[in-house]
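Chemist: The structure under discussion is supplied below as structure tokens; questions concerning it will follow.
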Amino acid sequence: MASKEYFEDKSKLYYENYINHKCTKKVRGIVLNEMGQILLLHSKRHNGFSIPGGTVEENESIKDTVIREVFEETGAEIIPIKIVGKYYHTSKNFNYEGVTFDSDRVEYFYFCKFKGFKNHNLGLQGEFDDGDITVMFLDYEDAVNSRLLKRDKSMIERAVNEFLLYKADEFSDEINAPYTNKKFHKFNKKR
């Protein structure tokens, strides 16, 4: 579980953005491996999945943030390829020093290429350490049918379309990389 200090720091950032009429920038990395599988976080406690990512820090680019956040949360090294969408929303009822406020946010969804894991221990690095989160790759069909936010499913679909445009040979030295779902097979038959 995240520390009390972690939540206090996040609440302070959100509060400062609120009083300065700024939108908090966040980024999520939709990471695909050479087989088109999507890297996701699974919470045992909530029995749901999420896309790794986090808050853009001061003087940090969106691209640098997605590299840092995906590594911190999964141990994966990635290559950001393209922003596939952004989502505006308001998170309600934050509290900082007795003030309750709403936090306006914009989340950028980045399509990323998976390079490899830097360490052998998969799992969140630093922020959370209670063993609740598991890092895993899911096939496209399993990802969009999983317990995942609707907007995340939509962004995964966009990233998979980008993957198909790259024809997967950008991801692998093999000309005909093995694909794991029917959508990929249908695409290859048309070519």
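The values are calculated or read from the model by the stated rules, or taken from the named source; none is laboratory data. All values derive from a computational prediction rather than experimental measurement. Heads up, the Cβs are rebuilt from the backbone with ideal geometry, glycines too, and the neighbour counts pull from every protein chain shown.
Chemist: Conditions: (1) over 27 Å from K153 (Cα atoms); (2) touching a Phe, Trp or Tyr at 6+ places or on another chain (Cβ under 6 Å); (3) not hydrophobic (A, V, I, L, M, F, W, C). G85 meets all but one. Number of the miss?
Modeler: Only one criterion is unmet by G85, namely (1).
Chemist: Scanning for something more than 23 Å from E57 (Cα to Cα), modelled with pLDDT under 90 and buried (at least 16 other Cβ atoms within 10 Å of the Cβ), does region 91-103 turn up at least one residue?
Modeler: Checking region 91-103: not a single residue is more than 23 Å from E57 (Cα to Cα), modelled with pLDDT under 90 and buried (at least 16 other Cβ atoms within 10 Å of the Cβ).
Chemist: For residues in region 38-60 being outside any strand (DSSP E or B) and closer than 21 Å to V84 by Cβ, which is farthest from the chain's Cα centre (by Cα)?
Modeler: E60
Chemist: Could you grab me the full set of residues in region 104-114 that are buried (at least 17 other Cβ atoms within 10 Å of the Cβ) and more than 15 Å from the chain's Cα centre (by Cα)?
Modeler: R105
Chemist: Also, quick follow-up: Exactly one of these conditions fails for N93: (1) closer than 28 Å to A143 by Cα; (2) in a strand (DSSP E or B); (3) without any contact (Cβ under 8 Å) to a residue 40 or more places away in the chain; (4) of a type outside the set (F, W, Y). Give me its number.
Modeler: Exception for N93: condition (1).
Chemist: Consider K86 carefully, then state whether it is surrounded by fewer than 17 Cβ atoms within 10 Å (Cβ to Cβ), free of Cβ contacts under 8 Å to residues at least 60 places away in the same chain, touching a strand residue (DSSP E or B) at 6+ places or on another chain (Cβ under 9 Å) and more than 26 Å from D132 (Cα to Cα).
Modeler: Yes: the conditions hold for K86.
Chemist: Picking from K63, K26, K10, which residue would you name as being within 29 Å of G98 (Cα to Cα) and part of a helix (DSSP H, G or I)?
Modeler: Details: K63 fails: within 29 Å of G98 (Cα to Cα); K26 fails: part of a helix (DSSP H, G or I).
The conditions single out K10.
Chemist: Separate question: Could you list, in sequence order, the residues of region 13-23 that are assigned to a loop (DSSP other than H, G, I, E, B) and over 20 Å from the mean Cα position of the chain (by Cα)?
Modeler: Listed by number, the residues that qualify are N20, H21, K22.
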